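To keep things clear, I will list the structure first and then write my remarks on it.
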Amino acid sequence: MDDEAVTTSEALAALIKAKRLEDGLTQDEVAGFLGLGRRFVVELEQGKPTVRLSKVLEVLQGLGLEVVVRSRGEDAS
């Protein structure tokens with residue numbers, strides 16, 4: 001998975017879902033191994049803009065993803 005700029009909850013949702021599918025995991029499996037409700041995972045993957053950030057970060061970490069914040073226009077290096 002290449003670096004991608006994320007500017008909407010829908011874009012983040014699509015990246016999370018793509019990684020989950022790439023890893024061959026179901027929403028139930030992700031919720032189970034992270035100790036979260038399936039409903040949270042479903043809403044996150046639907047791009048719900050009001051999901052709890054700390055839980056989103058847990059999902060990202062659990063899927064082996066990370067958030068990098070940088071000024072627009074800077075290289076990823």
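The values are calculated or read from the model by the stated rules, or taken from the named source; none is laboratory data. The structure presented is a predicted model; accordingly, all values stated were derived computationally and were not measured. Ligands, DNA and RNA are stripped out before the accessible areas are found, and what is left, the full protein with its side chains, is counted by its heavy atoms. Shrake-Rupley method; radii C 1.70, N 1.55, O 1.52, S 1.80 Å.
Apply the a/c threshold of 1.5 to the C-alpha gyration tensor of region 1-53 and tell me whether it is rounded, prolate or oblate.
Numbers: a/c = 2.34, a/b = 1.22, b/c = 1.92.
Verdict is oblate for region 1-53.
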Please work out how much length the chain gains when fully extended from PHE33 to ARG52, using 0.36 nm per residue of separation minus the C-alpha to C-alpha distance, in nm with one decimal.
-> 5.0 nm
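I'd like the projected area of region 24-77, averaged over all directions, using the convex hull of its alpha carbons. Report it in nm² with one decimal. Walk me through the numbers on the way to the answer.
Details: hull surface 19.4 nm².
The directionally averaged projection comes out at 4.9 nm².
Roughly to the nearest percent, how much of the accessible area of region 1-72 is carbon and sulfur, given a 1.4 Å probe?
Working: 2450 of 5000 Å².
In region 1-72, the share of accessible area belonging to carbon and sulfur is 49 percent.
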If contacts are Cα pairs under 8 angstrom and at least 6 residues apart, what is the relative contact order of the chain in percent?
-> 30 percent
Give me the accessible area per residue for the chain, probe 1.4 Å, as a whole number in Å².
-> 72 Å²
